[in-house]
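Written out below as structure tokens is the structure these notes cover.
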Amino acid sequence: MKPKLSFFQILSMSMGFLGIQFGFALQNSNASRILQTFGADMEHLSWFWLAAPLTGLIIQPIIGHYSDKTWTKLGRRRPFFLAGAILASIALILMPNAGVFAHYLPPMFIGAGFLMMMDASINIAMEPFRALVGDMLPADQTTLGFSVQTFLIGVGAVVGSWLPYILAEWLGISKISADGGIPDNVIFSFYIGAVVLLISIVWTVVTTKEYSPEELAKYNKEEIEHVESKAKFSDIFRDIIRMPKTMRQLSIVQFFSWIALFGMWVFSTPAIAQHIYGVAVNDTQSLAYQNAGNWVGVIFGVYNGIAMIYALFLPAIAHKIGRKWTHSLSLAAGSAGLISIYFISSPGMLVFSMVGVGIAWGSILAMPYAILAPALPAHKMGVYMGIFNIFITVPQIINGVFGGPIVKRVFDSHAIYALIMSGVFLLIAAFSVLFVQDKAESGERKAKNEFRPEGAG
């Protein structure tokens, strides 16, 4: 059995996730505003957002597969952390400056290209972080490991989401561009995000020592047979066919969870601008629209902050009622939060809706992985964590292709209904998780029964 790690070791091991989510939060809360500022129509917004899941769909299984087979002086997963951090930092600097390259292509296409670059880079770094928890922690610490990751994700996301608002409202940096371009508060936020992302991942690379192949072989008997085998790209497809039963069941949960999240990220700014601030459908330049965009960043920070706090209690809640019920009830809370936005007319009241969303988000980032990790073979932890990402990216692609046209043609460009639809999807996910087989919890129940004294109730 692998030795238990201290809380500080677990924290340092996942510190890079803080920076990754810092950049991800800036992207989530500002990408639609940036693209609309450059001229993107609301119907096409979700199409530009396809850059994110498409890159994840392609990159994460490949990165996972090769990180399983990569052994360098820097370690197994850490080379991918570092490469992803450098590329993502560059993309964060370039994205809000897409207008500079306007003489080559329209700015919105340049912006979409930088969005794809940023997502590809983040995916290179992100997937090995998930696998690292499975590599380093014994089964009884996996829930804690993923909960710590969720906590750090929350810290990064809160600061990243709030930063444009803080720079504008507290530090007086301009939130309106004189030439109709990207405001300075957004541009400077992306610069800061690049620095934070790079520093946090370097922290993990410097402070974390991965197990050697020999050590992994000692802790995982099957590892010794596979550690020296050559990586073949074709193995990925074989692994997809042979994925564990628990992973297949969780795929349904992930599908409905992430199709909901994608809809929320893409359409929150236009939905809140229209429904709460009274902005016209085609208005993307007014002060009211910019205020709505800044406030979306604030409430995104709120739900990430709730997720951060909730993550601290997840291990205890899961221990009390089980991982499946914990995840199911959390997703139901997120559903209620999104649907409640329809009944709100004041920006401040949106904070209460985000409490439910934050509970769901905290669980989504931790519980599926905590349920999955014990069901995976140790020597394929990376590739299966990468394949698991397919069930995150595919629903986003589906929403990306059809979400925009549905909002424009079915909902008559009233984006609030996209948020209601996302709430319904989260409710379906909450129901689906109850049918998942949790291998670790089944093993714990079996062990308790085996050691129960005769005649015990």
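The values are calculated or read from the model by the stated rules, or taken from the named source; none is laboratory data. Just so you know, these numbers come straight off a predicted model, no measurement behind them. Glycine gets a Cβ as well: all are built from the backbone with ideal geometry, and neighbour counts include every protein chain shown.
Scanning the stretch 101-123 for residues that are β-branched (Val, Ile, Thr) and either modelled with pLDDT of 80 or more or in contact with a Ser or Thr (Cβ under 9 Å, 6 or more places away or on another chain) (or both) yields a single hit, Ile122. Please work out if Ser121 is surrounded by 23 or more Cβ atoms within 10 Å (Cβ to Cβ) and without any contact (Cβ under 8 Å) to a residue 60 or more places away in the chain. In short, yes.
Take Lys230 and decide whether it is of a type in the set (Lys, Arg), at pLDDT 90 or above and surrounded by fewer than 13 Cβ atoms within 10 Å (Cβ to Cβ). Against the criterion (of a type in the set (Lys, Arg), at pLDDT 90 or above and surrounded by fewer than 13 Cβ atoms within 10 Å (Cβ to Cβ)), Lys230 does not qualify. For the stretch 151-168, check the following and say yes or no: at least one residue is part of a helix (DSSP H, G or I) and more than 24 Å from the chain's Cα centre (by Cα). Yes. Being modelled with pLDDT of 85 or more, under 17 Å from Val133 (Cα atoms) and in a helix (DSSP H, G or I) is the requirement here; does Phe22 meet it? No.
Selection within the stretch 159-175: residues that are surrounded by fewer than 23 Cβ atoms within 10 Å (Cβ to Cβ) and in contact with a helix residue (DSSP H, G or I) (Cβ under 6 Å, 6 or more places away or on another chain). The member of this set that is modelled with the lowest pLDDT is Lys175. Of the residues making up the stretch 58-72, none is out of contact with any helix residue (DSSP H, G or I) (no Cβ under 9 Å at 6 or more places or on another chain), farther than 24 Å from Asn185 by Cβ and not in a helix (DSSP H, G or I).
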